[in-house]
1. If I filter segment 63-93 down to residues being assigned to a strand (DSSP E or B) and touching a Pro at 6+ places or on another chain (Cβ under 8 Å), which single residue comes out as nearest to SER120 (Cα to Cα)?
2. Only one of GLY108, GLY70, GLY118, GLY59 is surrounded by fewer than 17 Cβ atoms within 10 Å (Cβ to Cβ), out of contact with any strand residue (DSSP E or B) (no Cβ under 8 Å at 6 or more places or on another chain) and not hydrophobic (A, V, I, L, M, F, W, C); which?
3. Got a number for residues in segment 108-136 being more than 19 Å from PRO168 (Cβ to Cβ) and either touching a Ser or Thr at 6+ places or on another chain (Cβ under 8 Å) or not small (Gly, Ala, Ser) (or both)?
4. Among GLY183, GLY169, which is assigned to a loop (DSSP other than H, G, I, E, B), modelled with pLDDT under 95 and open to solvent by 60 Å² or more (accessible area, probe 1.4 Å)?
5. Where residues in segment 30-56 are of a type in the set (Asp, Glu) and under 11 Å from the mean Cα position of the chain (by Cα), which of them is farthest from PHE167 (Cα to Cα)?
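The values are calculated or read from the model by the stated rules, or taken from the named source; none is laboratory data. Source: prediction; values computed, not measured. When we count neighbours, we look across all protein chains shown, and the Cβ atoms used for this are built from the backbone with ideal geometry, even at glycine. Ligands, DNA and RNA are stripped out before the accessible areas are found, and what is left, the full protein with its side chains, is counted by its heavy atoms. Shrake-Rupley method; radii C 1.70, N 1.55, O 1.52, S 1.80 Å.
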Amino acid sequence: MMVIRRFMQLAKMASLGTVLAVSTSASATLFDFDVIYNGTAVSLDTGSDNPIGSVLQVGDSFNYNVQAGGDDFWRVDVANDFFPFLAFTVDESGIRTADMDLRLLLDGVEQFSLLQNGISNAEVHLGTNIVSLLAGLEFDEIVLDFDLLTSDVLNTTIHDYGIGPNFPGGFDDGISYNGASVGVPEPGVLALMGLGLFGLVVSRKREFHS
């Protein structure tokens, strides 16, 4: 009987350990949000998790990668403290704390980084808080690693991509989205302009001699 009772105790402990292991793994989900932005709209990259509707709980984390479309890029035109720089809106209002690592890259080379531990996100804001940037900074990729440490609500359901008038992250006035060729005419356009000017000069000469 002692052997049987001991066996049952061990089996119960093993079962409890299995349940605990499942609970632990279930509460530590890593989301990968890979987004491409073309200046007016967003699209999910191949294989990306969809942020909208994703539910985070304490212990979960996400990697949020925003890539400018084509050869486009962002430029900081006016030095400022941007809030929020990159964030999601969520359905459940609450107070949350998190560790976050923000990096801005241009052609794969890091231009700016900010690591903050234990930051507080209030109400329906999930992401960076104030990010101070200097004028002239250019970047074509934004990477945010975010670990949710605590929350006074059980679930955190992502509702939308950003806060503020512009995507991503509610950029205030001072950050512009630019195409690499903005303001630079294509060679074909320059050739047509040259031909047009040449034709105008020839026409004026003919009028003068007549």
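1. PHE88
2. Answer to the check: GLY70.
3. Qualifying residue count for the region: 7.
4. Unique residue meeting the criteria: GLY183.
5. Going through the qualifying residues, I end up with ASP32.
Results for (1) in contact with a helix residue (DSSP H, G or I) (Cβ under 8 Å, 6 or more places away or on another chain); (2) surrounded by fewer than 20 Cβ atoms within 10 Å (Cβ to Cβ); (3) within 24 Å of ILE36 (Cα to Cα); (4) among the hydroxyl-bearing types (Ser, Thr, Tyr), shown as yes or no for each residue.
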{"residue": "LEU126", "(1), (2), (3), (4)": "no, no, yes, no"}
{"residue": "ILE130", "(1), (2), (3), (4)": "no, yes, yes, no"}
{"residue": "GLY136", "(1), (2), (3), (4)": "no, yes, yes, no"}
{"residue": "ASP140", "(1), (2), (3), (4)": "no, no, yes, no"}
{"residue": "LEU144", "(1), (2), (3), (4)": "no, no, yes, no"}
{"residue": "THR150", "(1), (2), (3), (4)": "no, yes, no, yes"}
{"residue": "VAL153", "(1), (2), (3), (4)": "no, yes, no, no"}
{"residue": "ILE158", "(1), (2), (3), (4)": "no, no, yes, no"}
{"residue": "GLY162", "(1), (2), (3), (4)": "no, no, yes, no"}
